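What follows is a set of notes on a single structure, which appears directly below.
The values are calculated or read from the model by the stated rules, or taken from the named source; none is laboratory data. As the structure is a computational prediction, the values presented were derived from the model and not from experiment. Neighbour counts run over all protein chains shown; Cβ positions are idealised from the backbone, glycine included. Remember, those area values only see protein heavy atoms, side chains included, never the ligands or the DNA or RNA. Shrake-Rupley method; radii C 1.70, N 1.55, O 1.52, S 1.80 Å.
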There are 2 protein chains.
Amino acid sequence: MCSKVKIINNSFISLVFLLLLVSFGMFAEDGYRLWLRYDRIADENKLKEYKEDIKAIHFPGNSPVLEAAREELTKGLTGLLGFPVEFADKLTGSGTLIVGTPKSSSIVASLSLGGKLKNVGKEGYTIQNAAVKGKKCIVIAANTDVGILYGVFNFLKLLQTNKSLDNLNVSESPKIEYRLLNHWDNLDRTVERGYAGFSIWDWHKLPDYLDPRYKDYARANASIGINGTVLTNVNANALVLAPMYLGKVAALADVFRPYGIRVYLTARFSAPIEIGGLKTADPLDPTVKKWWKEKVSEIYKYIPDFGGFLVKANSEGQPGPQNYDRSHADGANMLADALAPHGGIVMWRAFVYAYDVNEDRAEQAYNEFVPLDGKFRYNVLIQAKNGPLDFQPREPFHPLFGAMKKTPVMMEFQITQEYLGCATHLVYLATLYKECLESDTYAKGKGSTVAKVIDGSLFDYPNSGFAGVSNIGTDRNWTGHHFAQGNWYAFGRLGWDHELSAEEIAEEWIRMTFSNDKEVVKTLKEIMMTSREIAVSYMTPLGLHHIMAEHHHYGPGPWVSVSGRPDWTSVYYHQADSNGIGFDRTKTGSNALGQYYPEVRKKFSDPKKCPDEYLLWFHHLPWDYKMKSGRTLWEELCRKYYMGADSVKWMVDRFSLLGGKIDSERFEQVSAFLKIQQKEAIWWRNACLLYFQTFSKKPIPAGYEKPSGTLECYKSLKFPYAPGIKPSW
Amino acid sequence: MCSKVKIINNSFISLVFLLLLVSFGMFAEDGYRLWLRYDRIADENKLKEYKEDIKAIHFPGNSPVLEAAREELTKGLTGLLGFPVEFADKLTGSGTLIVGTPKSSSIVASLSLGGKLKNVGKEGYTIQNAAVKGKKCIVIAANTDVGILYGVFNFLKLLQTNKSLDNLNVSESPKIEYRLLNHWDNLDRTVERGYAGFSIWDWHKLPDYLDPRYKDYARANASIGINGTVLTNVNANALVLAPMYLGKVAALADVFRPYGIRVYLTARFSAPIEIGGLKTADPLDPTVKKWWKEKVSEIYKYIPDFGGFLVKANSEGQPGPQNYDRSHADGANMLADALAPHGGIVMWRAFVYAYDVNEDRAEQAYNEFVPLDGKFRYNVLIQAKNGPLDFQPREPFHPLFGAMKKTPVMMEFQITQEYLGCATHLVYLATLYKECLESDTYAKGKGSTVAKVIDGSLFDYPNSGFAGVSNIGTDRNWTGHHFAQGNWYAFGRLGWDHELSAEEIAEEWIRMTFSNDKEVVKTLKEIMMTSREIAVSYMTPLGLHHIMAEHHHYGPGPWVSVSGRPDWTSVYYHQADSNGIGFDRTKTGSNALGQYYPEVRKKFSDPKKCPDEYLLWFHHLPWDYKMKSGRTLWEELCRKYYMGADSVKWMVDRFSLLGGKIDSERFEQVSAFLKIQQKEAIWWRNACLLYFQTFSKKPIPAGYEKPSGTLECYKSLKFPYAPGIKPSW
């Protein structure tokens, strides 16, 4: 960016070489299979061991879910072991894999699994070595068919990650009830903030044509415990609630059902007007209530296990109850009442901010919702983003977590990388997710983590939920960047068990997706585990936030000062001036910090104690403020930006060592993307430092190479067709 | 359509069965490889024969194009024969395949191929059996490297289609010089009239990331002789001419170059204003001329072999020279002058119609361009659609063919099925293309076919061109419908040799793409060869035209009577009233027929002689008009519509017999699409007949099942997100 125009002359030789490599593997690894690759086990000793352990499968029972589990087991074992394992009606000898519920399998019923099964609930499973009639067997048991499905996926993972099948004692059940992907997919197949092509929902050909991809989507989600999907954008289109579309939604629900996945839709609050022909959408109006009740009944005729609605109301121009001087509770409860008889839920988003910008935007959701605590129906969940602003590379946790004691607050993470490099940056998000989940709200004293709030244990919520804004699109590898698959994976795994570490998750994903080779695992894990901190460093270090380009959010834009509203600009957030930089959210400023519990306030309120990571989120400080490191704030800022960009170079170099150790197609694409990331990290660094320098009036410290472009050039860059937005916006 | 709401309950059993079939072929046939599949020859006798014939390859010479040819030969033979054939520096014995130009290969130079090579020109090739130093060999020879590339593809096709390699005497060269795909792809990756996903040009990641798909695109095109591609929509965006995009275009050009493919761009006429900062785009203004000259020079710095511009001007709201009271010749010549020093051409579209609708739209291009004949620079071609209107299921040939004696008129066919069922109808277009190409213009007496006009032979044009509006998108199988691949293929083959029959082309495509199995070839050829006539029958029989729904053109819309302009409506074209139906284009009507040569006029002017296929194109006739068949016009219309819809049922049934004979993934998708086509054919039939019945006041003849829906219901159907349009339109 902003270097001299360079005529691109691809080295023809290297192109031919690469493509020769690919050509002969007629079916090169294009990433479509995600982490469910099931290639033959490379370690011959392990393979031999597994063949001894799994000589036959006893898996009785008929139901769509059991069929799906049996099909997956067949597919997985056939691939991993290199041949199809025989199914046996009866227990034939040692090395039989026994799969079933006490209902589907008399053998399972005869085993003393009562205690274990009781503990795993309605979605969990247990995997045990067992002596059955004197024969050494492995048992996958659950209370329900879907528990079996999850157990099968986990069992296959044991093989995929080369784990021993001796001394198995696995008992798993999800800590959170509703584990959902949120698709910001429009009916025209564009995807808001989507960087992996377009929507995989081919609405036009539904319901008559079911793309095989729908089933593979369900398989992938089920394999990581996701049990619901919101098909449509939170900036909703009422049309999806019309019969023509409900038929299409039902066809998808039919494909997903055997995988334990329920479909949800976004409900446009003004739908009664737009498709119902009513004159109002006032949630207290009886005709409106009636319309929604009938609409919901109609939906359940199409989709008997419909999950419910996700609603964005009175936010960023979306209609909502406040249009009629009603509260969010009035709006949510009306929908909840319509859904309750059918077992559906309402996920009401907390991402709201008023049209008049009188207060710090970071404070608004709290101010809006805390007074309503206790006023929501039992089947309403408040869905809050991880931080109080908007999916920034780093934010403190949202103050709503811990503040709503009577209303379930559920998590909304972003999997798609709106603010984290869009299509091409390698940023492993599990560390970001974990940072939030492990944050202590102190709502009920020390240890009141965000995780405990959202899993419902802290306040004994009736429901718990975990949502992630999908990064899935039509790109052959689903997520655009091969490593973005890992973020989908990590999201699902954390929804199932938020106590897993980011590193454990990375390791299992690498082993399933790339290789069990030690060096590959080690290198990729190192890259992944540091990647998010690196991105923070070259984008928004030291607590900076919301300084990206406007609309498409691609690249830096700290200079953005005019937009639709002040809190859509960058200057609103970084507050840089000749005195210093940062947003004062302490008592001397907006006092957004006051929304947290005292222990949290204490941690952040004193700049001397506030961790560097959050410093400029909470404080406006002078350019020569002395940091803990002894450097001035300006020097530290420069250091972070340079370190961030240099670290991407390190990623490029580290990854390049894996040539030949992973398949060439993925290796080449990731390498190309890393080089883009390197270029863009330098772009971020140069643009931000040159801009902030106009206030600090200080030189970039000696030893750092000077930015090659000019601020004016960086400011002039325009990307009207950057992905993830409609250019007409 | 318009049948009762039906809750879709997919049979789970059949789903599982299908998916089990697919699952075990880990790499099922998804259609990505198009007709270049190169699977091992199934006929063991043939395979044995080929192995005898090809024991070694002698293929010297270095150039990017020769490398590409060698790579393709290696890939192809390795796949087809099942092992890699050895390359030999020298002639080693019988069964050597010798490939080269007289320059690249001394052996080729030593053979007496002079006469043969002279005849095949700069893109042709010859394939011969030859005794070289007493050894039985096969020789692929050409004058140029690209000739070798084409020869290699053809040689591989001989194997793919199981032809004998004895008595080879192939000498091929293209009859038309410029053979181009036109992509109506926008910079935001939407594709106007695209039904196969979105644009394969991932502009955002270019030039840094080169999707392997770009090379496979080039391979596929080269294999059928396409030598140019217009990357961008004729409804052009000036931005693609800005440096940021030129760098991206150059990266694509670098990938395509080794495959003999040059890139072209669409030039927005107002670009000097929009990206040049000028106040005018007047083609006679010196600053405008200078701007274009400099812009063109800049483009050639990025892309030394840039092909030139395709221009849509003063048509459907696009800017053009007439905005400044200049003629199309003024506009085209200005661009031609800028391109001439670099060897570039201008393709100026004849698809123009004035804002004021005073004359029959079918007459306007002729009236606009014939007076300008002889006024265009030598490097301008006038690009006319096959018919005078707009890619209808059937139109008579465009009267411009034969009318421009001094200015090359080139062909624009549509490969994407804007008016022929969009995403899901199986319609083989080679029969449509051939119908036009073989039409006799009588411009220089009998035998003055459209083909002879556009190949330049009739009027000895300095240039000749053949363009097809692409049907390619991001769908895994490139074209959405597997059979739409055949239209891309047929377009390319006819551009190379318009004398090929539609049937020959279908047969070679089927053999390469599906199977050499006799029954498969026979059945698919039958389906393909009748498919276009079937589509005409259920959409627009007897010369009807332009009666589709507006904007997206998906489905029937004979009732469209209000639109942006009268000639965007359906009633303008079908003119149905209580007296009859049809557009009188004879002397008593618009006299558009007067634009043709007398022999053609004679053929069409008398309804008694006019072929039924064109009857209502040229004539307005009473409902009880007695047809050649003895039936009344109304009865004949009904008969055609019913026959069309019934024939789709026949296609469904015929195709279903191939289960097990072609791979399940493609079989299932095509089957699903055929069922959609069947449903939609009935929709077309019912909607059109119910509508026309309101004028004819006659019953649908006995023996035909009554339409199940009502006209009001059909009229009420809305598809705001049908593919191929921007919903904001």
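Brief remarks on what is shown
- Take the range B:242-385 with all the other protein chains still there, run a 1.4 Å probe, and you get 33 Å² of accessible area per residue.
- Positive-end ranking of A:Ala131, A:Gly147, A:Gln160 along the dipole of the range A:102-161, with charges on Cβ about the Cα centre, is headed by A:Ala131.
- About the centre of its Cα atoms, chain A shows a dipole size close to 580 debye [charges on the beta carbon of Lys, Arg (+1) and Asp, Glu (-1) only; nearest 20 debye].
- Chain-alone versus full-assembly comparison, the range A:228-262, residues with accessible loss of at least 50 Å² (1.4 Å probe): A:Met244, A:Asp254
- With label points set 7 Å from Cα along Cα→Cβ, the inter-copy distances at A:Phe83 are 2.6 nm, sorted shortest first.
- Remark: the range A:276-343 projects, on average over all directions, an area of 4.7 nm² (convex hull of Cα atoms).
- Value of D in µm² per second that Stokes-Einstein yields for the range A:352-472, Kirkwood Rh from Cα pairs, at 20 °C (1.002 mPa s): 143 µm²/s
- Cut-off 13 Å between beta-carbons: net charge of the residues surrounding B:Gly374, Lys and Arg +1, Asp and Glu -1: +3
- Heavy-atom surface of the range A:589-696, accessible at 1.4 Å and reported per residue (Å²): 37 Å²
- Formal net charge of residues neighbouring B:Arg532 (Cβ-Cβ distance under 15 Å; K, R +1; D, E -1): -4
- Residue (of B:Pro408, B:Gln392, B:Cys422) at the positive-pole extreme of the range B:356-431, dipole from beta-carbon charges: B:Pro408
- Candidate residues B:Lys312, B:Lys602: accessible-area rank, largest first, probe 1.4 Å: B:Lys602, B:Lys312
- Area accessible to solvent at A:Lys406, 1.4 Å probe radius, in Å²: 150 Å²
- The relative contact order of chain B, computed from alpha carbon pairs under 8 Å that lie at least 6 residues apart in sequence, is 12 percent.
- Using C-alpha pairs under 8 Å with a sequence gap of at least 6, the mean separation divided by the residue count of the range B:559-693 gives a relative contact order of 17 percent.
- For the range B:240-296, the C-alpha radius of gyration sits at 1.32 times the compact-globule guess of 2.2 N^0.38 Å, with N the residue count.
- If both residues of a DSSP beta bridge must be in the range B:84-241, then about 60% of such bridges are antiparallel.
- Annotation: B:Trp623 carries an accessible surface of approximately 10 Å², with a 1.4 Å probe and no ligand, DNA or RNA atoms counted.
- Our compactness index for the range B:536-689, the C-alpha radius of gyration over the empirical 2.2 N^0.38 Å, is 1.22.
- Taking all Cα pairs closer than 8 Å and separated by 6 or more residues, the relative contact order of the range B:186-250 comes to 41 percent.
- The portion of the accessible surface of the range B:185-306 made up by carbon and sulfur, rounded to a whole percent, is 55 (1.4 Å probe; DNA, RNA and ligands excluded).
- Remark on the range A:154-203: accessible area falls by at least 40 square angstrom from chain-alone to full-complex state for A:Asp188, A:Phe198, probe 1.4 angstrom.
- Beta bridges per DSSP with both ends in the protein assembly as shown, % antiparallel, nearest 5: 30 percent
- Cα-based shape type of the protein assembly as shown, given that a ≥ b ≥ c are square roots of the gyration tensor eigenvalues and the cut on a/c is 1.5: rounded
- In chain B, the DSSP-assigned H stretches of four residues or longer account for a calculated mean residue ellipticity at 222 nm of -12000 deg cm²/dmol, using -39500 (n - 2.57) per stretch and the full residue count as denominator.
- Heavy-atom accessible area order for B:Val562, A:Val536, largest first, 1.4 Å probe: B:Val562, A:Val536
- Using a 1.4 Å probe over protein heavy atoms, the accessible area lost on pairing B with A, summed over both chains, comes to approximately 5900 Å².
- Loop-located trypsin sites (Lys or Arg not before Pro) in the range B:492-601, at most 16 other Cβ atoms within 10 Å (DSSP): B:Lys587
- Rg/Rh ratio calculated on Cα atoms of the range B:415-483 (Kirkwood radius): 1.12
- A dipole drawn for chain A from +1 and -1 charges on Cβ atoms has a positive end, and of A:Ser708, A:Trp291, A:Trp568 the residue lying farthest that way is A:Ser708.
- One quarter of the surface of the convex hull around the alpha-carbon atoms of the range B:202-252 equals 3.9 nm², the direction-averaged projected area.
- Each other copy places its own label point for B:Ala109 at 8.7 nm from this one, sorted shortest first, where the point lies 7 Å along the Cα-to-beta carbon line.
- Of A:Tyr378, B:Tyr489, the residue with the largest accessible area leads and the full order is A:Tyr378, B:Tyr489 (1.4 Å probe).
- The range B:273-341 versus the range A:523-558: alpha-carbon centroid distance in Å: 42 Å
- Overall form of the range B:116-172 per C-alpha gyration tensor (a/c, 1.5; a/b vs b/c): oblate
- In nanometers and ordered shortest first, the copy-to-copy spacing of the A:Glu504 label point, defined 7 Å from Cα toward Cβ, is 6.8.
- Reported to the nearest whole Å, the Cα centre-to-centre distance from the range A:47-84 to the range B:569-617 is 68.
- Label-to-label distance for B:Ser716 and B:Lys679 is 1.8 nm, based on points extended 7 Å past Cα in the beta-carbon direction.
- According to the Kirkwood relation over distinct C-alpha pairs, the hydrodynamic radius of the range B:509-583 is 14.8 Å.
- B:Glu504 accessible area, assembled protein chains, probe 1.4 Å, Å²: 90 Å²
- Charge dipole (debye, nearest 20) of the range B:341-402; +1 at Cβ of Lys and Arg, -1 at Cβ of Asp and Glu: 340 debye
- A Cβ-based charge dipole, computed about the Cα centre of the protein assembly as shown with Lys and Arg at +1 and Asp and Glu at -1, lands at about 720 debye.
- Mean Kyte hydropathy of -1.0 or more with a Cα span along the axis of at least 15 Å, helices from DSSP in chain A: A:12-24, A:64-81, A:145-160, A:243-256, A:328-339, A:484-496, A:502-513, A:518-539, A:633-656, A:664-696
- Calculated diffusion of chain A, Stokes-Einstein form, Kirkwood radius summed over Cα pairs, 37 °C and 0.692 mPa s, µm²/s: 121 µm²/s
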